[in-house]
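What follows is calculated from the coordinates using simple rules that are stated; it is not laboratory data. Because the structure is predicted, anything quoted here is derived from the model rather than measured. Note: ideal-geometry Cβ built from the backbone for every residue, glycine included; neighbour counts use all protein chains shown.
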Amino acid sequence: MPESLSTAHQALAAKAVEFARDVLLSAAFELAGGADENEIRDRVRSASKSAGFFTMTQPRAFGGTEASPLELTVVRETFAAANAGLTHWVFGPGPGVLAGADEPLRSTHLAAALAGEKRAAFAFTEPDDAPHFTTATPDGEMLRVRGVKSYVTGGATADFLNTLVEIPGRGRSMLVIDRNTPGVVLERRFQSMDGSHHAVFRFEDASVPVSHVIGKPGEGLPRAMRQIGDTRLAIAAEAVGSCRYIVGFVTDHLLAPHASGAPLGSREGVRLRYADLRIKTYAARSLLYRTARLAERGDNIVNEGICAKVFATETLSEVVDTAIQLVGGKALTVGHPLEKLYREARSLRLAEGASDVLRLNLARGRLDLDKGVL
Ligand SMILES: Cc1cc2nc3c(=O)[nH]c(=O)nc-3n(C[C@H](O)[C@H](O)[C@H](O)COP(=O)(O)OP(=O)(O)OC[C@H]3O[C@@H](n4cnc5c(N)ncnc54)[C@H](O)[C@@H]3O)c2cc1C
C-alpha cells in the first residue's frame, strides 16, 4: 500500500481485496468450469452494485457516485493485483465521449448508455488501406457518412458507434451513429491476442441527423483525445496491479522446492533478475500514485497520464517476460496466468495510443506547448 494513502483509501483497498476474493475469483472459477456467462455476469454486477463499485465510474447527475481519480486508481490497481479478471463487469458504463452531451443525445443515448439500456462502442481507428478519412457530408438536416472504421471494440454487439468523422469545412467531429441505420455495414469481426473482440464497419452513405454531432462540429479530436486520455490512468493502474501480482507469483515460485534440489531463489543469478522485477514494479507504482494524486488535486494530467501509461505498460511487458523466463516452460502453457498476462500486456502498448505516438505527444507537450511536469 503506498504509504500516504488516507485511512478511507486504505479501507477502500481492503474492500476491493475482499470483493476480488469473495466474488471475482469464485466467479472466474465457475466460468472456467463452464457456468453460464450471462448468469455469472448478472451476479457479479449485482454484487458490485451492493458493494458500491458499480457506480464509481458514473456521473452524479445520473445517480452515480463519480469516484475521484485516486479512489479509482486504488480500486483498479487492487483488483489487478488479485489477478481477479472479470473487472469489466464490476464498473458501470461511463459517459465516454458523450460526457456533457446536450439534448437530444443526453436523453436518447447518454442516459440510456449509463442505465445499461444501450451499449456504445468507440469508432476512431481507420484501417491502413482506407481510401479516405470517414466523411460526413451535410445534406439538409442530415449528414451522409462514408468511410471505414476498424478495431471497434465491442462493435458487433453495440447499439451505437461514437465515430470520429470529417465534416467538410468544419473539421473532425464526434458523431453518434446508430447501428441499425441503413448503410451501416458490419464488414468483419475479429479477436485480438488479449481476448477482446472487435469489428470493422463500412458506412455507405449512412444518413445521420445533424443533432447526433456530440458538442460542436470541429471539436471531435480534442473530445476523442480526452476520452482516450481518461482511460490512460486506468490502464496504468491495471498494469501496475498486474506487475504486483506477477512479483508475488514469482516470489512464491522462487521460495518453493525445485527439481535441482534447492529453491531457485537461492541462486544469485536468479536473485538479480528477481530484484529487477521489484525495482521496476516499485518505480511504476510510485509513478502511478504520483500521477493519480496530481489528477486528484485537479491538475490537467495529459502529459503525466502519457508517462504513466507508457511506463506502466512497458514495465508490465518486461516484468511478465522475465517472470516467464524464471518460472520456465509451464508458464507458457495455454491458460497459465502468466501466459494470459503476457498476451494482455502486449496489447496495452498499442490500445489507447501506441507508445511511440504517445512519446511524440509528450515531446510536443513540452517543446511546442510548454506543458508537463517532472
Ligand atoms: C486491444 C485493442 C483495443 C482497441 N480498441 C479500439 C477501439 O475501441 N476503437 C478504436 O477506434 N481503435 C481501437 N484500437 C486500435 C488502436 O487505437 C490502434 O491500434 C492504435 O491507435 C494504433 O493505430 P494503428 O493500429 O492504426 O497503427 P498505426 O497508426 O499505423 O501505428 C503503427 C505504428 O507506427 C508508428 N507510428 C504511427 N504513427 C506515427 C507517427 N506519427 N510518428 C512516428 N511513429 C508513428 C508507431 O510505432 C505505431 O506503433 C484498439 C487496439 C487494441 C490493440
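Is there a pair in LYS15/LYS280; LYS118/LYS340; LYS15/LYS118; LYS149/LYS371; LYS118/LYS216; LYS49/LYS149 whose C-alpha atoms are over 25 Å apart, and which pairs would that be?
LYS15/LYS280; LYS118/LYS340; LYS15/LYS118; LYS149/LYS371; LYS49/LYS149
In whole angstrom, how far apart do the alpha carbon centroids of segment 279-350 and segment 40-62 sit?
Centre-to-centre (Cα) distance: 26 Å.
Would you grab the residues whose amide H sits under 5 Å from the one on ARG267? Only those 5+ places off in sequence or on another chain, please, with H modelled 1.01 Å from N.
none
Scanning the chain for GluC sites (Glu not before Pro) in DSSP loops with at most 11 other Cβ atoms within 10 Å, what's the longest stretch left with none?
So the longest stretch without any such site is 142-374.
Tell me the mean residue ellipticity at 222 nm calculated for the chain from its helices only (DSSP H runs of n ≥ 4, each -39500 (n - 2.57), averaged over every residue, nearest 500).
Calculated at 222 nm, the ellipticity per residue is -15000 deg cm²/dmol.
Using only the Cα atoms of the chain, build the gyration tensor, take square roots of its eigenvalues as a ≥ b ≥ c, and label the shape rounded, prolate or oblate: rounded if a/c is under 1.5, else prolate if a/b is larger than b/c, else oblate.
Judged from the Cα gyration tensor, the chain comes out prolate (a/c at least 1.5, a/b above b/c).
Pull up all non-local amide H partners of LYS371: gap of 5 or more, or a different chain, and H-to-H distance under 5 Å with H placed in the peptide plane.
ARG366
Using the Karplus curve 6.51 cos²θ - 1.76 cosθ + 1.60 with θ = phi - 60°, work out ³J(HN,Hα) for each residue of segment 93-110 in order, rounded to whole Hz, and write x for Gly and Pro.
x, x, x, x, 5, 7, 3, x, 5, 8, 5, x, 4, 4, 7, 6, 10, 5
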